[in-house]
1. Full-extension gain between A:Ala28 and A:Asp65, please, as 0.36 nm times their residue separation minus the C-alpha to C-alpha distance.
2. By count of other Cβ within 10 Å, fewest leading, how are B:Glu71, A:Glu60 ordered?
3. By Cβ position, which chain A residue lies least far from the axis that rotates chain A onto chain B, and what is the distance to the nearest whole angstrom?
4. Tell me the distances, shortest first, between A:Ser69 and the same position across the other copies, using label points 7 Å along Cα→Cβ, in nm to one decimal.
5. If you place +1 on the Cβ of every Lys and Arg and -1 on the Cβ of every Asp and Glu, how big does the dipole about the Cα centre of region B:15-75 come out, in debye to the nearest 20?
6. Specify whether the C-alpha gyration tensor of region A:55-103 places it in the rounded, prolate or oblate class, a ≥ b ≥ c being the square roots of the eigenvalues: rounded for a/c under 1.5, otherwise prolate if a/b is larger than b/c and oblate if not.
2 protein chains.
Amino acid sequence: MSKQELRVLGQDGVEGCCPGLLSAPLAADEAVDLARVFKALGDPVRLQLLSMIASRAGGEVCVCDLTPSFELSQPTISHHLKLLREAGLIDGERRGTWVYYRLVPATVDRLAAILTRPGGRPLPETSTTAHRS
Amino acid sequence: MSKQELRVLGQDGVEGCCPGLLSAPLAADEAVDLARVFKALGDPVRLQLLSMIASRAGGEVCVCDLTPSFELSQPTISHHLKLLREAGLIDGERRGTWVYYRLVPATVDRLAAILTRPGGRPLPETSTTAHRS
DNA sequence: CGGTTGTATCGATGTCTGTCTATCCAGACT
DNA sequence: AGTCTGGATAGACAGACATCGATACAACCG
C-alpha cells in the first residue's frame, strides 16, 4: 500500500527543480501533475483529513480515529483517504487490524515552495492593492 | 470588477492568523474556505493562467495575450479567469478595450504559509520513508 | 474453524464542472 | 449613428466527483 502512489511533481530533483509557478509560465504537463495534487486539496473533508494527519505529533493517525470525526459513511472517508494517497500527500500502512496514515512531507514542501513568491512577503497592502483608478 | 471577490481565507489577520493546516486540526468552516481556493488551483488550465499572470514582470497581463496560448474557446478561458478571480487569486481591471489581470499576492502568500511546515525542511529521505516492513 | 471488527472496493445516483456555441455588453473607430 | 473587436454571460451537454449501501477482504479472537 505504500509504493503505488503516482509519481507526482517529479519528486526527484532531476529537472532543475521548480522555479515556482510564479516566476515562470509553467509547462502544460507540469500543470497537469500539479493540478492533480491541488485538486486533492480542493475538498473540505480531505483538507480536514490531511490536517488531522499532519498535526499529529507522532505523525501517524489510525483510520479508526479519523472516521468518527465526520458525519460521513466509512466508505466515503476511505475514498477521500485514497485520493490523498494517490496525490502523494499521505501514505498508509496496515499494522495488524488497523491502518495508519502519515503525511508525506516532501509533497507538501514542494507545494509550499511552488506557491512561495521570490520576493518573500513585502505586501503592506491588504490584498486588493488600492488601484482604484 | 475589482471588489466583488469572496472574502476568502479570512484575509485580515483578526483571528490569530493561521497556525497552518499542518499543526492544528483545521475547523470545518476554515476547511470550506480553503478548499474553495485549492479547488481553483485544481485545474491545469487555471494553473497555467495563474502562472502566466504571476510571472509577468509588470504584474499585469491582457486577456488578449492569454487566450491564444490555449486551444480552448474564448468563453472557456474567460470562465477559468472568473473562477480564479472568485477565489481571490487574481484581480481584473478593464482599461479601454482590453481587460488586464494581475496576481493577488496576499492570497498566494497565505496558501504558501498554510502549506509550510513548522520544521522548515528537514527531510533527508525522499518521500516514502523506507518503512519496508 | 466460525464470528467479529476494521478498511477497502463495487455499483448506483445525484450534483458539480469543463467545455462548447450563441449571444450580449463595452469601447473604439469611422 | 453604425460597425468593428475584445471580453463576459447564458444555456446545453458530457464527463467527473462526492456520497451512499452492499459487499468483499484482512486480521484478530473465540
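1. So the extension gain works out to 9.4 nm.
2. Listed from fewest to most nearby Cβ atoms, that is B:Glu71, A:Glu60.
3. Output: A:Gly42, 2.
4. 3.8
5. With only Lys, Arg, Asp and Glu charged at Cβ, the dipole is about 140 debye.
6. Rounded shape, in that the Cα axes give a/c under 1.5.
Rule-based calculations on the coordinates, nothing more; no lab input. Source: prediction; values computed, not measured. All Cβ positions, glycine included, derive from the backbone under ideal geometry; neighbour counts span all protein chains shown.
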